1. If amide H atoms are built 1.01 Å from N in the plane of the peptide, which residues on other chains or at least 5 residues away come under 5 Å of the amide H of Val114?
2. Which order do the peptides 176-185, 41-50 come out in when sorted by mean C-beta neighbours inside 10 angstrom, highest first?
3. Rounded to the nearest 10 degrees, what's the angle between the helix 97-106 long axis and the longest principal axis of the chain, both from Cα atoms, 0 to 90?
4. Kindly count the pairs of lysines across the chain whose alpha carbons are less than 12 Å apart, treating pairs on different chains or eight or more residues apart as eligible.
5. Using amide H atoms built 1.01 Å from N in the peptide plane, name the residues 5+ places from Val260, or on other chains, whose amide H lies under 5 Å from its own.
6. How would you rank Phe198, Phe70, Phe13, going from fewest to most other Cβ atoms within 10 Å of each one's own Cβ?
7. What is the helix-to-structure angle for 212-223, meaning the angle in degrees between its Cα long axis and the longest Cα principal axis of the chain, kept from 0 to 90 and rounded to the nearest 10?
8. Under the rule a/c < 1.5 gives rounded, and otherwise a/b versus b/c splits prolate from oblate, where does the stretch 151-266 land using the Cα gyration tensor?
Amino acid sequence: MSPLIEITDPRVFDPATLLIDVRAGANARERYLAGHLPNAILATLDDDLALHPVDAAKGGRHPLPALKDFAATLGRWGITPESHVVVYDDKNAAMGGARLWWMLRSIGHTNVQVLNGGLKSATDEGVELSTDDYQPATTAPYPIPGQYSHTVDIEEVKRAAKADDRMVIDVREGARYLGHTEPLDLVAGHIPGAVNLFYSNSLSSEGKYLTSQALATLYNDTIGDVKPENVIVHCGSGVTACHTLLGMEHAGIKRPKLYVGSWSEWSRNKLPIATEANGL
């Protein structure tokens, strides 16, 4: 199954499909109630797809929720292992949509797709939005494995960044990577040895993912001969990195790993920091 689905695909509005609208930010519910796809369930990044961290130095700003809590959330949404799930957000899958896709894939749920172009693709097609507070039929907690798969911790990132046969990719914008500015975390710069590939390079001017062929060229030009399982992707807090992981999946690059803590964790642990100025 492709990780992407188009708004014109009839499966999007099939009654058997579970639509999840992911919103991020303090006004997430207000934006959802202002307009969402009919029968779409609200998910919020901070409450449903992440823990509220006590210390971002241990897991970053958006650590993954405990598996038992995620299982209960999926049950509250009515998701079972047989469910076809379609996810979208209002930021081209960069602020939660791809994160939920990745989380479901990480626990073994393969029947999940992300709406290409997000909410904008629906309004561009003239889809009438709903302002209802849609409440799904609940079910039992989702039966999930003992851990999230395809993740790495800070110790593995330290080793990978120094290894010739491994690669750490930082998908933040270039100014943050180079250390020119840092709007969210305490220190500007990047992990020494990490390469930069801005996540939005995977998008067309219409806000949709590039074709699978174009994405394969984009990513392979960066990865070279490094095996996909030896590639680690990160961002500021493990959210927009999932946008790139989804793009890689669409390009046929199977299951690189996510560094969930990302720059928000690394930059708070008194570790080496590279910038354009210091040349590390």
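1. Amide H neighbours of Val114: Leu4, Ile5, Val87.
2. Highest mean packing first, the order is 41-50, 176-185.
3. 80 degrees
4. 5
5. Counting only residues 5 or more places away or on other chains, the set is Val152.
6. Ordered by Cβ neighbours within 10 Å, fewest first: Phe13, Phe198, Phe70.
7. Result, in degrees: 20.
8. oblate
The numbers here are math on the coordinates, done by the rules we state, and not lab data. Bear in mind that the values here come from a model prediction, so they are computed numbers and not experimental data. Note that each Cβ is placed from the backbone with ideal geometry, even for glycine, and that neighbours are counted across all protein chains shown.
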